[in-house]
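These notes concern the structure reproduced below.
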Amino acid sequence: MVTLEEISKNYYLGSTVVNAVSDISITVNDGEFMALVGPSGSGKSTLLNIIGCIEKPTSGRITLDGTDVTDVPTDRLADIRARRIGYIFQTFNLLPVLTVSENVEYPLHLQGVDKAERRRRVEKVLHEVGLERFSTHKPAELSGGQRQRVAIARALVGSPSMILADEPTANLDHKTGMDILTKMKELNQRLGITFIFSTHDQKIMSIADRIVELRDGRLSNN
């Protein structure tokens with residue numbers, strides 16, 4: 001599904017060059033449940049963003065579903081992200097003025113999906129995550145675990161082949177975090193969706209198909 005070849009990403013702070021990731025080559029296969037792990041500052045979030053076409057590498061080559069996307073223009077990358085990749089964030093990133101259904105539906109508006117199809121897809125994914133009864137609630141009326149389930153539904157609604165999750169359990173207690181992970185693992189196995197996590201969480205590592213460790217911006221293992 002995704003192949004990275006000798007990927008590096010540099011940031012410039014005045015005259016100082018910060019090497020966030022250096023010379024990383026890795027392949028992520030269809031249907032994997034993979035964890036990117038390492039201490040803070042190891043480059044795992046940067047690598048996750050590069051895999052998700054949010055950031056472009058300074059050097060190297062990225063292939064997504066057999067297509068070289070390294071030099072794809074920004075507007076086309078946005079279209080690729082919208083149609084192939086879902087995102088789950090640590091802080092949920094829900095819009096507080098919208099209902100659960102409206103938050104989940106929002107990415108479909110951006111894709112130009114018609115109203116009837118939007119409604120069908122929203123109902124389907126809310127059923128997938130067990131939130132049908134909460135469709136008219138606002139985020140402030142939900143628990144942390146329920147908010148993260150809304151975020152999962154929003155990531156699913158575009159029928160992506162891959163979902164990227166950046167520390168998705170960091171703001172959840174142990175039991176709620178395990179419930180969320182169990183749901184994501186079930187979706188991975190039943191629907192064949194690839195999940196890639198950037199995480200410190202041992203719970204995620206314990207159920208991951210593969211753990212990729214980074215230290216100082218480089219792969220520690222494969």
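The values are calculated or read from the model by the stated rules, or taken from the named source; none is laboratory data. Treat the numbers as computed from the prediction; the structure is a model and nothing was measured. Glycine also receives a Cβ, built like all others from the backbone with ideal geometry; neighbour counts cover every protein chain displayed.
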### Query
Would you pick out the residues in the stretch 35-55 that are under 16 Å from the mean Cα position of the chain (by Cα) and under 17 Å from residue 218 (Cα atoms)?
35, 36, 37, 43, 44, 45, 46, 47, 48, 49, 50, 51
### Query
Among (1) touching a helix residue (DSSP H, G or I) at 6+ places or on another chain (Cβ under 9 Å); (2) closer than 16 Å to residue 153 by Cα, where does residue 186 come up short?
(1)
### Query
Within the stretch 185-209, can you find the residues that are aliphatic (A, V, I, L, M) and either in contact with a Pro (Cβ under 7 Å, 6 or more places away or on another chain) or touching a residue at least 40 places away in the same chain (Cβ under 8 Å) (or both)?
187, 193, 196, 204, 205, 207, 208
### Task
Find all pairs meeting these conditions: Cβ atoms under 7 angstrom apart; at least six residues apart or on different chains; first residue within the stretch 118-146 and within 17 Å of residue 108 (Cα to Cα); second residue surrounded by fewer than 14 Cβ atoms within 10 Å (Cβ to Cβ).
126/132
### Task
Kindly state which helices (runs of 4 or more DSSP H) lie completely within the stretch 1-111 and contain at least 3 residues that are free of Cβ contacts under 8 Å to residues at least 40 places away in the same chain.
74-84, 100-111
### Query
Counting only residues that are surrounded by fewer than 17 Cβ atoms within 10 Å (Cβ to Cβ) and in a strand (DSSP E or B), how many does the stretch 175-210 have?
1
### Message
For the stretch 125-143, give me each residue that is exposed (fewer than 15 other Cβ atoms within 10 Å of the Cβ) and either part of a helix (DSSP H, G or I) or within 23 Å of the chain's Cα centre (by Cα) (or both).
### Response
127, 130, 132, 133, 140, 141, 143
### Task
Name the one entry in 28, 97, 122, 72 that is of a type in the set (A, V, I, L, M), modelled with pLDDT under 90 and either crowded, with 20+ Cβ neighbours inside 10 Å or out of contact with any His (no Cβ under 6 Å at 6 or more places or on another chain) (or both).
72
### Query
So which residues in the stretch 211-222 are β-branched (Val, Ile, Thr) and either crowded, with 20+ Cβ neighbours inside 10 Å or part of a loop (DSSP other than H, G, I, E, B) (or both), if there are any at all?
212
### Message
Testing residue 196 on (1) within 23 Å of residue 39 (Cα to Cα); (2) at pLDDT below 95; (3) of a type outside the set (Ser, Thr, Tyr), one condition comes back false. Which one is that?
### Response
(2)
### Message
Condition (residue is among the β-branched types (Val, Ile, Thr), in contact (Cβ under 8 Å) with a residue 12 or more places away in the chain and in a strand (DSSP E or B)) applied to the stretch 153-163: is it met by at least one residue?
### Response
yes
### Task
With respect to residue 170, determine if the residue is among the hydrophobic types (A, V, I, L, M, F, W, C) and assigned to a loop (DSSP other than H, G, I, E, B).
yes
